[in-house]
1. Filter region B:118-142 for residues that are without any contact (Cβ under 8 Å) to a residue 24 or more places away in the chain and under 22 Å from B:Ser83 (Cα atoms); which is nearest to the other protein chains (Cβ to nearest Cβ)?
2. If only one of A:Lys126, A:Lys152 is out of contact with any Asp or Glu (no Cβ under 8 Å at 6 or more places or on another chain) and open to solvent by 40 Å² or more (accessible area, probe 1.4 Å), which one is it?
3. For residues that are surrounded by fewer than 18 Cβ atoms within 10 Å (Cβ to Cβ) and among the basic types (Lys, Arg), scanning just region B:85-116, find the one that is farthest from A:Pro54 (Cα to Cα).
4. In region A:87-106, which residues are in contact with a Phe, Trp or Tyr (Cβ under 7 Å, 6 or more places away or on another chain) and under 14 Å from B:Leu125 (Cα atoms)?
5. Has region A:72-85 got any residue that is closer than 18 Å to A:Asn46 by Cα and either among the basic types (Lys, Arg) or without any contact (Cβ under 8 Å) to a residue 40 or more places away in the chain (or both)?
6. Could you count how many residues in region B:148-158 are part of a loop (DSSP other than H, G, I, E, B) and facing another protein chain (nearest Cβ under 7 Å)?
7. Of the conditions (1) at the interface with chain B (Cβ under 7 Å from one of its Cβ atoms); (2) out of contact with any helix residue (DSSP H, G or I) (no Cβ under 6 Å at 6 or more places or on another chain); (3) in a helix (DSSP H, G or I), A:Pro145 clears all except one; give me its number.
8. What are the residues in region B:18-45 that are within 11 Å of chain A (Cβ to nearest Cβ), of a type in the set (A, V, I, L, M), open to solvent by 10 Å² or more (accessible area, probe 1.4 Å) and closer than 20 Å to B:Cys78 by Cα, if any?
There are 2 protein chains.
Amino acid sequence: MDKNQKHKLFLRKVISLAVRKVRLNNNGPFAAVIVKNGKIISYGYNRVTKKNDPTLHAEIDAIRKASLKLKTFDLTGCVIYSSCQPCPMCFSAVYWANIKKIYYAVTKETVSKYGFRDLKIYNELKTGRFTVKMEQIDTDNAVDPFKIWNKKKDKIKY
Amino acid sequence: MDKNQKHKLFLRKVISLAVRKVRLNNNGPFAAVIVKNGKIISYGYNRVTKKNDPTLHAEIDAIRKASLKLKTFDLTGCVIYSSCQPCPMCFSAVYWANIKKIYYAVTKETVSKYGFRDLKIYNELKTGRFTVKMEQIDTDNAVDPFKIWNKKKDKIKY
């Protein structure tokens, strides 16, 4: 048996979901699924233009739904399958969610050929040559929120 | 007058919001505000642990609210002020939202001293040495969603 058979089953599901969704309304051509112990926890799909939410990528959608369902922000033990390589926003969301493994079908290079900017954002984060300019401004009491957080006895680290 | 006076005003607002929120419940010590033509469009703050949503960082929250309010996924012309340097998830969300300028108070290096992993994620994206493993699996029909999207006459690019 193809050792990737199991992964291909989940990837076929997300590709098929992406196909169904992109045909409807203004969904983007992306879908994802989160799996724990072989069971599907949540599906996600891209609704950036449909919902007017630039953060509503498939992986973000799937992570939010899985966290809601499992009642935790910590998705340790889950894996994510995505119809394409996650953009840096989604890669970082996966990181914050403590998901350690991403399986994907289409590369960011292919996605870029269809006009999406995933590869550009990866390149900016790699080279540090940002088109979105970040400027640090010295401001009084800027560290106060962290000092207060640090002293909280009931703080929940993540 | 200090040329950064205007920026400091907005940054003081977000620092003050972060202080108020981190004292309450399980909010994280982060806040942000989105401004267009000098007017505040939306505030955001971190509720990862409170809402069980690993994606609910201050900037993501502010972007979602601004998009909802302005009824567009395209926040061109807006700027974002954040109490700390956005993590790569939030930087990329800002990028996708077409916001071109980020002003922040506390650096990612300082945030890291309080146990947050922002700097680690930046370093992984810079070096390409990922602890979250990404694996590409060849899957039949993987490009279909993009081919369908490409042919749609009513597609909305972003």
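The values are calculated or read from the model by the stated rules, or taken from the named source; none is laboratory data. Being a predicted model, the structure only gives us computed values, none of them experimental. Cβ placement follows ideal geometry from the backbone for every residue including glycine, while neighbour counts extend to all protein chains displayed. The protein model used for the area step is the full one, side chains on, heavy atoms only, and it has no ligands, DNA or RNA in it. Shrake-Rupley method; radii C 1.70, N 1.55, O 1.52, S 1.80 Å.
1. Applying the first criterion (without any contact (Cβ under 8 Å) to a residue 24 or more places away in the chain) to region B:118-142 yields B:119-120, B:123-124, B:126-142.
Then keep just the ones that are under 22 Å from B:Ser83 (Cα atoms); that gives B:119-120, B:123.
Working: B:Leu119: 12, B:Lys120: 8, B:Asn123: 10 Å.
Across region B:118-142, the extreme among qualifying residues is B:Lys120.
2. Values: A:Lys152 fails: open to solvent by 40 Å² or more (accessible area, probe 1.4 Å).
Criteria check complete, one pass: A:Lys126.
3. Among those residues, the one meeting the criterion is B:Lys113.
4. Within region A:87-106, A:Pro88, A:Met89 meet the criteria.
5. Here is the first cut: in region A:72-85, the residues closer than 18 Å to A:Asn46 by Cα are A:80-85.
Those still in the list that are either among the basic types (Lys, Arg) or without any contact (Cβ under 8 Å) to a residue 40 or more places away in the chain (or both) too: A:85.
Within region A:72-85 (the criterion being closer than 18 Å to A:Asn46 by Cα and either among the basic types (Lys, Arg) or without any contact (Cβ under 8 Å) to a residue 40 or more places away in the chain (or both)), the answer is yes, since at least one residue qualifies.
6. Result for region B:148-158: 3.
7. Going through the list (1) at the interface with chain B (Cβ under 7 Å from one of its Cβ atoms); (2) out of contact with any helix residue (DSSP H, G or I) (no Cβ under 6 Å at 6 or more places or on another chain); (3) in a helix (DSSP H, G or I), A:Pro145 breaks only (2).
8. none
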